[in-house]
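The values are calculated or read from the model by the stated rules, or taken from the named source; none is laboratory data. Please read these numbers as outputs of a predicted model, since none were measured by experiment. Cβ placement follows ideal geometry from the backbone for every residue including glycine, while neighbour counts extend to all protein chains displayed. Each accessible area value is taken on the protein alone, full model and side chains, heavy atoms only, with ligands, DNA and RNA left out. Shrake-Rupley method; radii C 1.70, N 1.55, O 1.52, S 1.80 Å.
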Amino acid sequence: MEETKVLLDMDEIPKKWYNILPDLPEPFPPYLNPATKEPVGPEDLAPIFPMELIKQEVSQDRYIDIPEEVLDAYYQIGRPTPLYRAKRLEKYLKTPAKIYYKREDVSFAGSHKPNTAIAQAYFNMKEGVEKLTTETGAGQWGTALSLGCALFGLKCEVFMVRVSYNQKPYRRILMQLYGSTVHPSPSDVTQSGRKFLEQDPNHSGSLGIAISEAIERAVGDEKTKYSLGSVLNHVLLHQTVVGQEVIKQFEKIDTKPDIMVGCVGGGSNFSGFMFPTLGQKLRGESDGTRFIGVEPESCPTLTKGEYRYDFGDTAQLTPLILMYTLGHDFVPSPIHAGGLRYHGDAPSLCLLHKTGHIDAVAYNQVETFEAGSIFTKTEGLVPAPETNHAIKAVIDEALKCKKTGEEKVIAFNFSGHGLLDLQGYSDFLENKLK
Ligand SMILES: *Cc1c(COP(=O)(O)O)cnc(C)c1O
(Lines give C-alpha, C1' and ligand atoms only; values in the text may rest on other atoms or scores of the structure.)
Protein backbone atom coordinates (compact mmCIF):
# COMPACT_ATOMS: atom_id res chain seq x y z
CA MET A 1 0.00 0.00 0.00
CA GLU A 2 1.25 3.51 -0.76
CA GLU A 3 1.90 5.70 2.23
CA THR A 4 -0.94 7.81 3.65
CA LYS A 5 1.16 9.71 6.14
CA VAL A 6 4.79 9.91 7.14
CA LEU A 7 5.56 10.26 10.84
CA LEU A 8 8.79 11.10 12.66
CA ASP A 9 9.83 9.80 16.10
CA MET A 10 10.25 12.32 18.90
CA ASP A 11 14.04 12.06 18.72
CA GLU A 12 13.95 12.92 15.01
CA ILE A 13 12.85 16.50 15.77
CA PRO A 14 15.46 18.97 14.43
CA LYS A 15 17.79 20.12 17.24
CA LYS A 16 18.96 23.22 15.33
CA TRP A 17 17.31 25.93 13.27
CA TYR A 18 18.62 26.47 9.74
CA ASN A 19 19.76 30.01 8.90
CA ILE A 20 19.72 30.76 5.15
CA LEU A 21 21.72 34.02 5.41
CA PRO A 22 25.18 32.49 4.75
CA ASP A 23 23.76 30.61 1.75
CA LEU A 24 22.04 33.57 0.06
CA PRO A 25 23.20 34.27 -3.53
CA GLU A 26 23.81 37.93 -2.58
CA PRO A 27 24.69 39.50 0.80
CA PHE A 28 21.64 40.19 2.96
CA PRO A 29 20.68 43.90 2.58
CA PRO A 30 20.97 45.62 5.97
CA TYR A 31 18.05 47.38 7.65
CA LEU A 32 18.55 51.16 7.40
CA ASN A 33 17.95 53.98 9.84
CA PRO A 34 15.33 56.16 8.06
CA ALA A 35 16.96 59.42 9.21
CA THR A 36 20.64 58.68 8.44
CA LYS A 37 20.23 55.89 5.84
CA GLU A 38 22.99 54.07 7.75
CA PRO A 39 22.60 50.37 8.67
CA VAL A 40 20.91 49.95 12.07
CA GLY A 41 23.05 48.41 14.81
CA PRO A 42 22.05 46.09 17.68
CA GLU A 43 21.71 49.10 20.00
CA ASP A 44 18.96 50.54 17.75
CA LEU A 45 16.92 47.36 18.08
CA ALA A 46 17.57 46.77 21.79
CA PRO A 47 14.55 48.81 23.03
CA ILE A 48 12.16 46.47 21.21
CA PHE A 49 13.83 43.03 20.97
CA PRO A 50 15.87 40.90 23.42
CA MET A 51 19.58 40.57 22.60
CA GLU A 52 19.47 36.88 21.69
CA LEU A 53 16.88 37.52 18.95
CA ILE A 54 18.88 40.50 17.66
CA LYS A 55 21.92 38.21 17.41
CA GLN A 56 19.88 35.62 15.53
CA GLU A 57 18.57 38.35 13.22
CA VAL A 58 22.06 39.12 11.87
CA SER A 59 23.78 35.77 12.48
CA GLN A 60 25.87 34.26 9.70
CA ASP A 61 25.97 30.83 11.40
CA ARG A 62 24.26 28.24 9.22
CA TYR A 63 22.84 26.38 12.24
CA ILE A 64 21.63 27.70 15.59
CA ASP A 65 20.91 25.36 18.54
CA ILE A 66 17.31 25.05 19.72
CA PRO A 67 17.30 25.28 23.54
CA GLU A 68 16.02 22.21 25.47
CA GLU A 69 13.05 24.09 26.93
CA VAL A 70 11.96 25.21 23.45
CA LEU A 71 12.24 21.62 22.16
CA ASP A 72 10.17 20.51 25.14
CA ALA A 73 7.43 23.01 24.22
CA TYR A 74 7.65 21.93 20.56
CA TYR A 75 6.92 18.34 21.64
CA GLN A 76 4.05 19.57 23.76
CA ILE A 77 2.28 21.35 20.87
CA GLY A 78 2.57 18.36 18.55
CA ARG A 79 6.00 18.40 16.89
CA PRO A 80 7.25 16.64 14.90
CA THR A 81 4.13 17.12 12.78
CA PRO A 82 2.97 14.54 10.19
CA LEU A 83 3.38 14.76 6.41
CA TYR A 84 0.22 13.52 4.66
CA ARG A 85 -0.37 12.25 1.15
CA ALA A 86 -3.51 13.75 -0.46
CA LYS A 87 -4.50 10.56 -2.27
CA ARG A 88 -8.19 11.37 -2.41
CA LEU A 89 -7.51 14.81 -3.84
CA GLU A 90 -5.23 13.24 -6.48
CA LYS A 91 -7.98 10.79 -7.41
CA TYR A 92 -10.58 13.57 -7.60
CA LEU A 93 -8.30 15.59 -9.91
CA LYS A 94 -7.41 12.46 -11.91
CA THR A 95 -3.80 13.60 -11.83
CA PRO A 96 -0.69 11.45 -12.02
CA ALA A 97 0.97 13.94 -9.64
CA LYS A 98 1.62 12.95 -6.03
CA ILE A 99 0.49 15.58 -3.55
CA TYR A 100 1.82 15.85 0.02
CA TYR A 101 0.97 18.32 2.76
CA LYS A 102 2.74 19.17 5.99
CA ARG A 103 0.31 19.41 8.89
CA GLU A 104 1.11 22.71 10.65
CA ASP A 105 -2.52 22.97 11.78
CA VAL A 106 -2.07 20.41 14.56
CA SER A 107 -0.52 22.82 17.08
CA PHE A 108 -2.76 24.14 19.87
CA ALA A 109 -3.12 27.50 18.14
CA GLY A 110 -4.08 25.87 14.82
CA SER A 111 -1.25 27.23 12.66
CA HIS A 112 2.51 27.19 12.13
CA LYS A 113 2.92 30.39 14.17
CA PRO A 114 3.68 28.83 17.60
CA ASN A 115 7.01 27.58 16.14
CA THR A 116 8.38 31.10 16.51
CA ALA A 117 6.01 32.40 19.22
CA ILE A 118 7.32 29.77 21.65
CA ALA A 119 10.95 30.52 20.81
CA GLN A 120 10.44 34.29 21.13
CA ALA A 121 8.60 34.03 24.45
CA TYR A 122 11.41 31.79 25.75
CA PHE A 123 14.28 34.14 24.80
CA ASN A 124 12.42 37.16 26.22
CA MET A 125 11.71 35.32 29.47
CA LYS A 126 15.42 34.38 29.70
CA GLU A 127 16.36 38.08 29.58
CA GLY A 128 13.91 39.14 32.28
CA VAL A 129 11.23 40.65 30.04
CA GLU A 130 7.79 40.61 31.70
CA LYS A 131 5.42 41.53 28.88
CA LEU A 132 5.26 41.20 25.09
CA THR A 133 3.21 43.38 22.78
CA THR A 134 2.26 42.52 19.25
CA GLU A 135 -0.15 43.05 16.36
CA THR A 136 -2.39 40.43 14.82
CA GLY A 137 -4.40 40.28 11.60
CA ALA A 138 -6.84 37.40 11.49
CA GLY A 139 -5.81 36.55 15.05
CA GLN A 140 -3.60 33.51 14.47
CA TRP A 141 -0.40 35.32 15.42
CA GLY A 142 -1.96 36.88 18.51
CA THR A 143 -3.22 33.45 19.53
CA ALA A 144 0.18 31.85 18.95
CA LEU A 145 2.04 34.51 20.95
CA SER A 146 -0.56 34.33 23.72
CA LEU A 147 0.09 30.58 23.87
CA GLY A 148 3.87 31.11 23.92
CA CYS A 149 3.59 33.72 26.67
CA ALA A 150 1.30 31.48 28.71
CA LEU A 151 3.79 28.58 28.47
CA PHE A 152 6.70 30.75 29.68
CA GLY A 153 4.84 32.95 32.19
CA LEU A 154 4.84 36.30 30.35
CA LYS A 155 2.07 38.88 30.03
CA CYS A 156 0.87 39.63 26.51
CA GLU A 157 -0.89 42.64 24.93
CA VAL A 158 -2.30 42.25 21.43
CA PHE A 159 -3.39 44.92 18.91
CA MET A 160 -5.86 43.21 16.59
CA VAL A 161 -6.76 44.74 13.19
CA ARG A 162 -10.29 46.05 13.76
CA VAL A 163 -11.95 44.34 10.80
CA SER A 164 -10.76 40.95 12.11
CA TYR A 165 -11.58 41.86 15.71
CA ASN A 166 -15.18 42.28 14.56
CA GLN A 167 -15.23 39.35 12.10
CA LYS A 168 -13.47 36.85 14.39
CA PRO A 169 -14.52 37.15 18.04
CA TYR A 170 -13.49 33.55 18.79
CA ARG A 171 -9.79 34.26 18.31
CA ARG A 172 -10.03 37.18 20.71
CA ILE A 173 -11.66 34.89 23.26
CA LEU A 174 -8.90 32.33 22.76
CA MET A 175 -6.24 34.99 23.37
CA GLN A 176 -8.05 36.17 26.47
CA LEU A 177 -8.26 32.58 27.73
CA TYR A 178 -4.48 32.40 27.45
CA GLY A 179 -4.41 35.51 29.65
CA SER A 180 -3.77 38.26 27.05
CA THR A 181 -5.20 41.78 26.81
CA VAL A 182 -6.64 42.43 23.32
CA HIS A 183 -7.34 45.88 21.75
CA PRO A 184 -9.07 46.53 18.41
CA SER A 185 -6.60 48.52 16.26
CA PRO A 186 -6.53 51.43 15.71
CA SER A 187 -7.12 51.78 19.46
CA ASP A 188 -7.28 54.75 21.80
CA VAL A 189 -4.47 53.49 24.07
CA THR A 190 -1.59 54.68 21.83
CA GLN A 191 -0.73 57.94 20.10
CA SER A 192 -0.50 56.31 16.67
CA GLY A 193 -3.85 54.59 17.19
CA ARG A 194 -5.60 57.80 18.27
CA LYS A 195 -4.25 59.58 15.18
CA PHE A 196 -5.98 57.11 12.84
CA LEU A 197 -9.19 57.10 14.92
CA GLU A 198 -9.39 60.89 14.59
CA GLN A 199 -9.25 60.53 10.80
CA ASP A 200 -11.94 57.84 10.83
CA PRO A 201 -13.64 56.53 14.00
CA ASN A 202 -14.60 53.34 12.10
CA HIS A 203 -11.16 52.80 10.57
CA SER A 204 -10.97 49.11 9.56
CA GLY A 205 -7.29 49.02 10.53
CA SER A 206 -4.29 47.36 8.92
CA LEU A 207 -1.36 45.28 10.06
CA GLY A 208 0.88 48.31 9.51
CA ILE A 209 -1.12 50.44 11.96
CA ALA A 210 -1.32 47.65 14.53
CA ILE A 211 2.47 47.20 14.34
CA SER A 212 2.93 50.92 15.04
CA GLU A 213 0.73 50.65 18.12
CA ALA A 214 2.48 47.57 19.49
CA ILE A 215 5.96 49.07 18.96
CA GLU A 216 4.97 52.35 20.61
CA ARG A 217 3.81 50.39 23.64
CA ALA A 218 7.07 48.43 23.91
CA VAL A 219 9.36 51.45 23.46
CA GLY A 220 7.59 53.18 26.34
CA ASP A 221 8.40 50.50 28.95
CA GLU A 222 11.68 48.82 29.88
CA LYS A 223 10.19 45.46 30.93
CA THR A 224 8.06 45.27 27.79
CA LYS A 225 9.33 44.11 24.41
CA TYR A 226 7.73 43.75 21.04
CA SER A 227 7.29 40.58 19.06
CA LEU A 228 6.77 40.12 15.32
CA GLY A 229 5.17 37.01 13.83
CA SER A 230 6.66 37.10 10.33
CA VAL A 231 9.00 38.97 7.93
CA LEU A 232 12.16 39.13 10.10
CA ASN A 233 15.09 36.71 9.77
CA HIS A 234 14.76 35.28 13.28
CA VAL A 235 11.09 34.45 12.67
CA LEU A 236 11.83 32.59 9.42
CA LEU A 237 14.74 30.92 11.19
CA HIS A 238 12.45 29.44 13.89
CA GLN A 239 10.04 28.19 11.22
CA THR A 240 12.75 26.05 9.62
CA VAL A 241 11.92 23.20 12.01
CA VAL A 242 9.08 22.61 9.54
CA GLY A 243 11.23 22.28 6.43
CA GLN A 244 13.90 20.20 8.15
CA GLU A 245 11.24 17.73 9.26
CA VAL A 246 9.91 17.66 5.68
CA ILE A 247 13.38 16.73 4.34
CA LYS A 248 13.58 13.81 6.80
CA GLN A 249 10.05 12.70 5.95
CA PHE A 250 10.73 12.62 2.21
CA GLU A 251 13.97 10.73 2.87
CA LYS A 252 11.94 8.09 4.74
CA ILE A 253 9.83 7.41 1.65
CA ASP A 254 12.77 7.81 -0.70
CA THR A 255 11.16 10.69 -2.59
CA LYS A 256 12.01 14.32 -3.34
CA PRO A 257 9.49 17.06 -4.03
CA ASP A 258 9.60 18.53 -7.56
CA ILE A 259 7.51 21.51 -6.44
CA MET A 260 7.13 23.09 -2.99
CA VAL A 261 4.24 25.50 -2.47
CA GLY A 262 3.24 27.83 0.34
CA CYS A 263 1.00 30.83 0.85
CA VAL A 264 2.78 34.12 1.51
CA GLY A 265 1.64 36.76 3.99
CA GLY A 266 4.93 37.99 5.43
CA GLY A 267 6.67 34.88 4.16
CA SER A 268 7.35 32.85 7.31
CA ASN A 269 5.44 29.60 6.75
CA PHE A 270 6.53 29.31 3.11
CA SER A 271 10.15 30.12 3.98
CA GLY A 272 10.26 27.80 6.98
CA PHE A 273 8.82 25.05 4.83
CA MET A 274 11.19 25.34 1.88
CA PHE A 275 14.37 27.21 3.00
CA PRO A 276 16.10 23.99 4.18
CA THR A 277 15.53 22.41 0.73
CA LEU A 278 16.38 25.64 -1.10
CA GLY A 279 19.54 25.84 1.03
CA GLN A 280 20.63 22.43 -0.30
CA LYS A 281 20.10 23.78 -3.80
CA LEU A 282 22.01 27.04 -3.10
CA ARG A 283 24.94 25.01 -1.75
CA GLY A 284 24.90 22.80 -4.84
CA GLU A 285 23.94 19.67 -2.87
CA SER A 286 20.71 19.02 -4.73
CA ASP A 287 18.78 20.28 -7.68
CA GLY A 288 15.41 20.18 -9.33
CA THR A 289 12.90 21.48 -6.83
CA ARG A 290 10.84 24.49 -7.87
CA PHE A 291 9.41 26.84 -5.25
CA ILE A 292 6.10 28.69 -5.60
CA GLY A 293 4.84 31.37 -3.21
CA VAL A 294 1.13 32.17 -3.44
CA GLU A 295 -0.51 35.45 -2.53
CA PRO A 296 -3.93 37.12 -2.84
CA GLU A 297 -4.64 39.32 -5.87
CA SER A 298 -5.83 41.96 -3.39
CA CYS A 299 -2.35 42.13 -1.79
CA PRO A 300 0.05 41.10 -4.58
CA THR A 301 3.37 41.95 -2.95
CA LEU A 302 5.75 39.60 -4.78
CA THR A 303 3.87 39.61 -8.09
CA LYS A 304 3.17 43.36 -8.39
CA GLY A 305 5.17 45.13 -5.65
CA GLU A 306 8.27 47.26 -6.20
CA TYR A 307 11.67 46.05 -4.95
CA ARG A 308 12.87 48.96 -2.83
CA TYR A 309 13.53 50.12 0.73
CA ASP A 310 10.31 50.79 2.66
CA PHE A 311 9.03 51.00 6.22
CA GLY A 312 7.64 47.86 7.85
CA ASP A 313 4.73 49.81 9.34
CA THR A 314 2.32 52.61 8.46
CA ALA A 315 3.48 55.11 11.10
CA GLN A 316 7.11 54.78 9.91
CA LEU A 317 8.50 53.61 13.27
CA THR A 318 10.48 50.63 11.92
CA PRO A 319 13.83 50.68 10.13
CA LEU A 320 13.79 50.66 6.32
CA ILE A 321 13.70 47.16 4.83
CA LEU A 322 14.67 46.22 1.26
CA MET A 323 11.74 44.16 -0.01
CA TYR A 324 8.94 43.92 -2.54
CA THR A 325 6.39 46.40 -1.25
CA LEU A 326 3.02 47.86 -2.15
CA GLY A 327 3.89 50.93 -0.06
CA HIS A 328 3.71 51.21 3.74
CA ASP A 329 0.39 53.10 3.53
CA PHE A 330 -1.28 50.41 1.40
CA VAL A 331 -4.62 49.31 2.93
CA PRO A 332 -5.79 46.06 1.29
CA SER A 333 -9.47 45.21 0.98
CA PRO A 334 -10.79 43.19 3.94
CA ILE A 335 -10.49 39.63 2.57
CA HIS A 336 -10.97 36.61 4.84
CA ALA A 337 -7.33 35.60 4.55
CA GLY A 338 -6.39 38.36 7.02
CA GLY A 339 -2.96 36.75 7.51
CA LEU A 340 -2.00 37.59 3.92
CA ARG A 341 -2.77 41.31 4.08
CA TYR A 342 0.75 42.69 4.66
CA HIS A 343 2.17 45.37 2.33
CA GLY A 344 5.69 43.87 2.27
CA ASP A 345 7.39 40.48 2.59
CA ALA A 346 10.38 38.94 4.33
CA PRO A 347 13.52 40.57 2.84
CA SER A 348 15.35 37.23 2.50
CA LEU A 349 12.42 35.74 0.58
CA CYS A 350 12.21 38.89 -1.57
CA LEU A 351 15.91 38.68 -2.40
CA LEU A 352 15.45 35.05 -3.47
CA HIS A 353 12.50 36.05 -5.64
CA LYS A 354 14.52 38.85 -7.22
CA THR A 355 17.37 36.45 -8.00
CA GLY A 356 14.92 34.04 -9.65
CA HIS A 357 15.09 31.25 -7.06
CA ILE A 358 11.41 31.52 -6.12
CA ASP A 359 8.32 31.93 -8.31
CA ALA A 360 5.20 33.79 -7.21
CA VAL A 361 1.56 33.59 -8.29
CA ALA A 362 -1.60 35.42 -7.14
CA TYR A 363 -5.22 34.27 -6.98
CA ASN A 364 -8.53 35.90 -6.12
CA GLN A 365 -10.50 35.06 -2.99
CA VAL A 366 -13.30 33.11 -4.68
CA GLU A 367 -11.04 30.67 -6.53
CA THR A 368 -9.04 30.00 -3.36
CA PHE A 369 -12.18 29.16 -1.36
CA GLU A 370 -13.27 26.86 -4.23
CA ALA A 371 -9.92 25.07 -3.96
CA GLY A 372 -10.26 24.86 -0.16
CA SER A 373 -13.73 23.38 -0.37
CA ILE A 374 -12.50 20.70 -2.80
CA PHE A 375 -9.80 19.90 -0.25
CA THR A 376 -12.38 19.61 2.53
CA LYS A 377 -14.59 17.27 0.51
CA THR A 378 -11.71 15.03 -0.55
CA GLU A 379 -9.28 15.10 2.40
CA GLY A 380 -11.70 15.94 5.21
CA LEU A 381 -9.81 18.92 6.61
CA VAL A 382 -10.99 22.54 6.67
CA PRO A 383 -8.01 24.71 5.61
CA ALA A 384 -7.42 28.28 6.79
CA PRO A 385 -8.36 30.87 4.11
CA GLU A 386 -4.62 31.64 3.84
CA THR A 387 -3.82 27.97 3.23
CA ASN A 388 -6.46 27.87 0.47
CA HIS A 389 -4.11 30.00 -1.64
CA ALA A 390 -1.46 27.29 -1.53
CA ILE A 391 -4.06 24.63 -2.30
CA LYS A 392 -5.27 26.54 -5.37
CA ALA A 393 -1.73 26.65 -6.77
CA VAL A 394 -1.22 22.95 -5.97
CA ILE A 395 -4.42 22.01 -7.80
CA ASP A 396 -3.34 24.08 -10.83
CA GLU A 397 0.07 22.37 -10.90
CA ALA A 398 -1.55 18.94 -10.49
CA LEU A 399 -3.90 19.69 -13.41
CA LYS A 400 -0.90 20.66 -15.56
CA CYS A 401 0.54 17.22 -14.76
CA LYS A 402 -2.74 15.68 -15.89
CA LYS A 403 -2.27 17.30 -19.31
CA THR A 404 1.38 16.33 -19.67
CA GLY A 405 1.18 12.99 -17.88
CA GLU A 406 4.09 13.95 -15.60
CA GLU A 407 4.18 12.20 -12.20
CA LYS A 408 5.50 15.20 -10.30
CA VAL A 409 5.74 15.22 -6.53
CA ILE A 410 4.06 18.37 -5.21
CA ALA A 411 4.36 19.32 -1.54
CA PHE A 412 2.70 22.18 0.27
CA ASN A 413 2.59 23.61 3.75
CA PHE A 414 -0.83 23.18 5.33
CA SER A 415 -0.22 26.32 7.36
CA GLY A 416 -3.38 26.20 9.46
CA HIS A 417 -6.97 25.05 9.88
CA GLY A 418 -10.06 27.13 9.18
CA LEU A 419 -12.29 26.04 12.04
CA LEU A 420 -12.41 29.60 13.36
CA ASP A 421 -12.93 31.02 9.85
CA LEU A 422 -16.28 29.43 9.12
CA GLN A 423 -17.88 32.82 8.42
CA GLY A 424 -15.70 33.06 5.32
CA TYR A 425 -16.83 29.60 4.24
CA SER A 426 -20.43 30.56 4.93
CA ASP A 427 -20.06 33.61 2.66
CA PHE A 428 -18.52 31.31 0.06
CA LEU A 429 -21.40 28.82 0.23
CA GLU A 430 -23.93 31.63 -0.11
CA ASN A 431 -22.07 33.20 -3.05
CA LYS A 432 -21.42 36.36 -1.06
CA LEU A 433 -17.63 36.39 -1.44
CA LYS A 434 -16.07 39.32 -3.26
C1 LIG B 1 -0.33 33.99 9.47
C2 LIG B 1 -0.68 32.92 8.58
C3 LIG B 1 -0.17 32.87 7.28
C4 LIG B 1 0.67 33.95 6.67
O5 LIG B 1 1.82 34.33 7.33
P6 LIG B 1 3.28 33.96 6.83
O7 LIG B 1 4.20 34.68 7.72
O8 LIG B 1 3.39 34.37 5.40
O9 LIG B 1 3.38 32.50 6.98
C10 LIG B 1 -0.49 31.78 6.50
N11 LIG B 1 -1.30 30.80 6.95
C12 LIG B 1 -1.82 30.81 8.20
C13 LIG B 1 -2.72 29.72 8.63
C14 LIG B 1 -1.51 31.86 9.05
O15 LIG B 1 -2.02 31.87 10.28
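Separation between the residue 68 and residue 304 pseudo-spin-labels, each 7 Å from Cα along Cα→Cβ, expressed in nm?
5.2 nm
Under a Cβ-Cβ cut-off of 14 Å, what is the net charge of the residues other than residue 356 that fall near it, where Lys and Arg count +1 and Asp and Glu count -1?
That works out to +1.
Mind checking the full-extension length gain between residue 11 and residue 87? Use 0.36 nm per residue of separation minus the Cα-Cα distance, one decimal, nm.
24.6 nm
Using all alpha carbons of the stretch 183-239, what is the percent of pairwise distances in each 5 Å bin, ordered from the shortest bin to the longest?
Once binned at 5 Å, the Cα pair distances of the stretch 183-239 give 4, 19, 24, 19, 16, 11, 5, 2.
Work out Dmax and Rg for the stretch 288-434 from the C-alpha atoms and quote the Rg first, both in angstrom.
Computed over the Cα atoms of the stretch 288-434, radius of gyration and Dmax are 16.3, 52 Å.
What does the net charge come to around residue 217 if you take all other residues with beta carbon closer than 15 Å to its beta carbon, with K and R at +1 and D and E at -1?
Around residue 217, the surrounding residues sum to -3.
If the label point is 7 Å along Cα→Cβ of residue 355, which residues in the stretch 1-39 have backbone nitrogen under 16 Å from it?
Taking a point 7 Å out along Cα→Cβ of residue 355, the residues of the stretch 1-39 whose backbone N falls under 16 Å are 19-30.
Assign one of three labels to the stretch 107-219, namely rounded, prolate or oblate, based on the Cα gyration tensor with a ≥ b ≥ c the square roots of its eigenvalues; rounded applies when a/c is under 1.5, prolate when it is not and a/b is larger than b/c, and oblate otherwise.
Taking the square roots of the gyration eigenvalues as a ≥ b ≥ c, the stretch 107-219 is oblate.
Just check the stretch 271-370 against the gyration tensor rule for me: Cα atoms, a ≥ b ≥ c as the square roots of the eigenvalues, rounded for a/c under 1.5, and otherwise prolate or oblate depending on whether a/b exceeds b/c.
oblate
Of 98/402; 102/354; 94/248; 256/400; 94/403; 55/126, which ones are farther than 21 Å apart at the Cα?
Result: 102/354; 94/248 exceed 21 Å.
Please list, or write none, the aspartates and glutamates whose alpha carbon is within less than 16 Å of the alpha carbon of residue 392, excluding same-chain residues fewer than 8 places away.
Leaving aside aspartates and glutamates fewer than 8 places away in the same chain, those within reach of residue 392 are 90, 295, 297, 359, 367, 370, 379.
Per residue, how much accessible surface does the stretch 275-328 expose to a 1.4 Å probe? Answer in Å², no decimals.
Each residue of the stretch 275-328 exposes 36 Å² on average to a 1.4 Å probe.
Give me the Å³ per residue figure for the convex hull around the C-alpha atoms of the stretch 81-145.
That works out to 105 Å³ per residue.
Go ahead and estimate [θ] at 222 nm for the chain from helices alone: -39,500 (n - 2.57) per DSSP H run with n ≥ 4, summed, over the residue count, rounded to 500.
Rounded to the nearest 500, the figure is -12500 deg cm²/dmol.
Please state the charge dipole magnitude for the stretch 310-434, taken about the Cα centre, from unit charges on C-beta atoms (+1 on K and R, -1 on D and E), reported in debye and rounded to the nearest 20.
Computed about the Cα centre, the dipole is about 240 debye.
For the chain, take the alpha-carbon Rg, divide it by the Kirkwood Rh, and send me Rg/Rh.
Rounded to two decimals, Rg/Rh equals 0.94.
Net charge around residue 232, counting only other residues with Cβ within less than 12 Å of its Cβ (Lys, Arg = +1; Asp, Glu = -1)?
-2
Just to be sure I understand the curve: with the Debye formula and one point per C-alpha of the stretch 1-145, what is log10 I(q)/I(0) at q = 0.16, 0.18 Å⁻¹?
Values returned for q = 0.16, 0.18 Å⁻¹ are -1.07, -1.22.
What does the accessible area per residue of the stretch 117-157 come to in Å², with a 1.4 Å probe and no ligands, DNA or RNA counted?
23 Å²
Based only on the alpha carbon positions, what is the Kirkwood hydrodynamic radius of the stretch 299-354, in angstrom?
This gives a value of 11.3 Å.
What FRET efficiency comes out for residue 364 versus residue 199 if R0 is 41 angstrom and r is the Cβ-Cβ distance? Round to the nearest 0.05.
FRET efficiency, residue 364 to residue 199: 0.90.
Can you pull the one-decimal nm distance between simple spin-label points at residue 155 and residue 76, each 7 Å off the Cα toward Cβ?
The two pseudo-label positions are separated by 2.1 nm.
List the extent of the Cα atoms of the stretch 181-296 along each of their three principal axes, largest first, rounded to whole Å.
58, 34, 23
What percentage of the solvent-accessible surface of the chain, computed with a 1.4 Å probe over protein heavy atoms, is contributed by carbon and sulfur atoms?
Carbon-and-sulfur percentage of accessible area, whole number: 50.
Do any cysteines in the chain lack another Cys Cβ under 4.7 Å, and if so which?
Flagged as lacking a Cys partner: 263, 299, 350, 401.
Would you mind checking which residues have amide H under 5 Å from residue 232's amide H? H placed 1.01 Å from N; only 5 or more apart, or other chain.
For residue 232, no residues qualify.
Among 345, 44, 258, determine the one that fluctuates most according to a GNM of the chain built with springs between C-alpha atoms less than 10 Å apart.
Sorting by GNM fluctuation, first place goes to 44.
If you bin every alpha carbon distance in the stretch 341-385 into 10 Å steps from zero, what whole percent lands in each bin?
22, 33, 32, 13
So, R0 is 41 Å and r is the distance between the beta-carbons of residue 333 and residue 248; what FRET efficiency does that work out to, to 0.05?
After rounding to 0.05, the efficiency reads 0.55.
What residue among 179, 266, 205 shows peak mean-square fluctuation when the chain is described by a Gaussian network model with Cα springs under 10 Å?
Looking only at 179, 266, 205, the largest GNM fluctuation is found for 179.
Please name whichever of 92, 14, 67 sits farthest to the positive end of the charge dipole of the stretch 13-100, dipole taken about the Cα centre and charges placed at Cβ: Lys and Arg +1, Asp and Glu -1.
Going by the Cα projections, it comes out as 92.
Could you tell me which of 151, 122, 170 has its Cα farthest along the dipole of the stretch 76-193 towards the positive end, charges placed at Cβ (Lys, Arg +1; Asp, Glu -1), taken about the Cα centre?
The Cα lying farthest towards the positive end belongs to 170.
Given the options 384, 73, 46, which has the most mean-square fluctuation in a GNM of the chain, springs set between C-alpha atoms less than 10 angstrom apart?
Evaluated over the chain, the most mobile residue of the options is 46.
In debye, nearest 20: dipole of the chain around its Cα centre with unit charges on the Cβ of K, R (+) and D, E (-)?
In debye, rounded to 20, the chain gives about 1020.
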